[in-house]
Structures are given as C-alpha cells and as structure tokens.
Amino acid sequence: MVRFAVVGLGMGRGRSHLIQKTEGAELKCVVDLNEELAKKNGEELNVEWTTNLDDALGRSDVDCVMVMTPSGTHADLGIRAAKAGKHVITTKPMDVTTEACDRLISACDEANVILAVDYQSRYVENNYRVAEALKRGWLGKPILGEVRFKWFRSNDYFKHGNGWRGTWKMDGGGSLANQGAHLLDLISWFMGDYQSVYGETAIMNHDIETEDIGLAIVNFKSGAKGVIVGTTTFPESVYFSAEVHGTDGGILIDEVLSGKMRVIGNGLQEQLDSIGDNVTSIIEDVVGAVENGTQVRIDGREGRRTVDLLEKIYQSAREGRTIQASEN
Ligand SMILES: NC(=O)c1ccc[n+]([C@@H]2O[C@H](COP(=O)([O-])OP(=O)(O)OC[C@H]3O[C@@H](n4cnc5c(N)ncnc54)[C@H](O)[C@@H]3O)[C@@H](O)[C@H]2O)c1
C-alpha cells in the first residue's frame, strides 16, 4: 500500500478522490493553507487535514506527497517533501522555470525518492498508442506534429485565489504554460527533442500579465516540423487536439483528454489496436514504481522538457528571433 498526502485542494480535491479510488493507494491526509478548504475536504474525504505541510511531512504513515499548489511553488514544496524522505508527484507544469525543476530533480535524486509529474493525457490509451506508433516508425518518417486548443477563460478565472493565475511568477506564463502545458508535453512525447523554436505571444482579451494567445513553430531534431497554437480567448472551449503525420500515415486526435481520434494509413488502425496500455493514471503509475520498481512515465527529467520548451518559446517571443535548444 502506498500512502499519500495531497497539498493544495483546488484541482487537488479531484486528485484526492482519484487516490481513494486507486487500488494499492491510500489517502492519509490533505493540506491547504486555507483552513476552511482543508477542513471541508478532510471531512468530505474522511481523512485528517491540516493547514501546515510540515504536519504531513512529519507523519511516518505518508510515503508520497502530491503537490497541487500554484505552479511556482511546486519545486519548493516538493523539495521539502523529498528532504523528509517522501516520494513526490507534482501536477503540471513541474514548476515555472528549468532552474526550479533542476533543484527539485537534484533533491529527489539526493533523497533517493521517486519524482513524477502528472500529465494525465499520457495515460489516455489512444495517446499512448500514438506515441508507440511514432517510436516504432509506423508512420514512416515523421513530417509534422501539431497541437492546438481553443478554450475560454473568463477574467474572473484569473482573479480566483490570490490572483496567481496569469502571472509570470506563479503561473509561469499564460495559455501555453497553464492550459497548453498538456499539449506541449504531448508534442514533446510524440515528436522527440526539438532543435529550435520560434514563438509569438500576445494579450488580446484579458487583464493579465501573461499571454492569452501563444503560437510557436518548432523544428525537431528528427527533421520534422511542429506547430503549437493555444488560446483562452475563444467564446467557449471547443477543442484540445493533437495531430501527427509521417510518410506512411497520419493520426488526428480530436480530443487528447479523451483520446478520440481518426487514423489514416494502410493497416495503421490494426497496428494501433495491437497496443495496450495497462497504466491508467499517475497514481497507478507511482504505486507500481514504489511497489515493483517500475519506471514512472513522466519522471523529473521528462517533466522538465515542457518547462524548457516553454522558456524557449517565451524567450523567442520577447527577443523576436528563433531560439536554438542549445542556447542558455
Ligand atoms: N492536471 C490538470 O488538468 C490540472 C488542472 C487544473 C490545475 N492544475 C494545476 O494544479 C495547480 C493548482 O491549480 P488550481 O487551479 O487547483 O489552483 P487553486 O488556486 O484552485 O488551488 C491551489 C490551492 O493551493 C493552496 N496552497 C497554496 N500554497 C500552499 C501551501 N504552501 N501549502 C498548502 N496549500 C497551499 C491554496 O490555498 C489553494 O487552495 C497548478 O499548478 C495547475 O497548473 C492541473
């Protein structure tokens, strides 16, 4: 049995329920600075609650801490958990800078604990099939990877909490860093490492510091091209999709969070159907890693890739030039 504490009870509330539903996992306590929220969730989940993370870190019956606080706090809280000998899961993105990601990776290495980053679309079976198909060369030589979303976020969404969303310090960016992080993770998973990237961002219709529209053109090391488009300015949330094609076939994932997709290519659907994925969530993944020593799907180094790509897109947007992956 792997025993969990969850810190941060916005999205962390849903993840607490997921822990309770997962075989081999047990939720021991929940933490939030907001006492009312901590109490309400603790009572609803029927577990202990506290407003101080140290209470959870001091417990010998907690093996893993799931960090669900604002993005710019993930590394600091994760490092505290690692130093207390706890395995660490952060929600997406891993943190808001690669410098913070590196600190967290080092702390977890030194403490010899597992570090995992929660990108739930990696556990959608069809998305896993697409990643495998690309890895096995079933699409031929990769040509283009494209991820895009059109969503709506109100000005009130950004005023929520203490107003951390849409700030550089705590959200690490806007539509690309927050909502788009899932898609940046997917394009990196599908297409591999990038060589260079050109980005443009703008604030079109929100009262925020960071972008509500982000665009990028990516050149991958494989020679394939990539396109990223993400905005929270559409009148409603209409799609969140990923498309890949190569010389031998193409796949259009109309909704990456459900895996609804269309497959074009001779025999490709049958090939995809032959692949199964036996891990359905980050919690199952971490339980397997702790109990059986399996490798988590998104470890710290894998989670860092999205933050690195984000940093380079934003640097490009600021400087108005293409940025090489190798640049500091
Ligand atoms: N996987 C997903 O699809 C998904 C969806 C939404 C949010 N997220 C991520 O979850 C994180 C939180 O987002 P949210 O929308 O839930 O935010 P939120 O503001 O609704 O909730 C964050 C909570 O963390 C608490 N908190 C902050 N600092 C704390 C600390 N030091 N100790 C204890 N509690 C603390 C706050 O009081 C708040 O209740 C972000 O990184 C976001 O990117 C992921």
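The values are calculated or read from the model by the stated rules, or taken from the named source; none is laboratory data. Everything quoted here is computed from the prediction, not taken from an experiment. In this analysis, Cβ positions are derived from the backbone assuming ideal geometry, glycine residues included, and neighbour counts consider all displayed protein chains. Heads up: the accessible areas ignore ligands, DNA and RNA and are worked out on the full protein's heavy atoms, side chains in. Shrake-Rupley method; radii C 1.70, N 1.55, O 1.52, S 1.80 Å.
So here's what we get for this one:
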read-out: Subset of the stretch 67-83 that is out of contact with any Ser or Thr (no Cβ under 7 Å at 6 or more places or on another chain) and open to solvent by less than 30 Å² (accessible area, probe 1.4 Å) - its residue that is nearest to Met11 (Cα to Cα); value: Thr69
read-out: Matching strands (runs of 3 or more DSSP E) fully within the stretch 1-72 where at least 3 residues are over 23 Å from the mean Cα position of the chain (by Cα) and within 15 Å of the ligand (Cβ to nearest atom); value: 48-50
read-out: Residue tally, condition surrounded by fewer than 24 Cβ atoms within 10 Å (Cβ to Cβ) and either closer than 30 Å to Leu310 by Cα or not assigned by TED's automatic domain parsing to the domain that holds Asn112 (or both), over the stretch 44-66; value: 1
read-out: Lone unmet requirement of (1) in contact with a His (Cβ under 7 Å, 6 or more places away or on another chain); (2) more than 14 Å from the ligand (Cβ to nearest atom) for Asn126; value: (1)
read-out: When residues of the stretch 152-165 are limited to those that are within 12 Å of the ligand (Cβ to nearest atom) and in a loop (DSSP other than H, G, I, E, B), the one farthest from Asp95 (Cα to Cα); value: Arg153
read-out: Failed item in (1) more than 20 Å from Lys92 (Cβ to Cβ); (2) open to solvent by 20 Å² or more (accessible area, probe 1.4 Å); (3) in a strand (DSSP E or B), with Val244 passing the rest; value: (2)
read-out: Options Trp138, Trp168: the member that is farther than 29 Å from Glu327 by Cα and among the aromatic types (Phe, Trp, Tyr); value: Trp138
read-out: Filter pass, Ile105 being within 15 Å of the ligand (Cβ to nearest atom) and crowded, with 19+ Cβ neighbours inside 10 Å; value: no
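Listed here are the residues, each with its yes/no results for (1) assigned to a loop (DSSP other than H, G, I, E, B); (2) over 30 Å from Met1 (Cβ atoms).
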site	(1), (2)
Ser237	yes, yes
Ile251	no, yes
Glu270	no, yes
Asp277	yes, no
Thr280	yes, no
Ile283	no, no
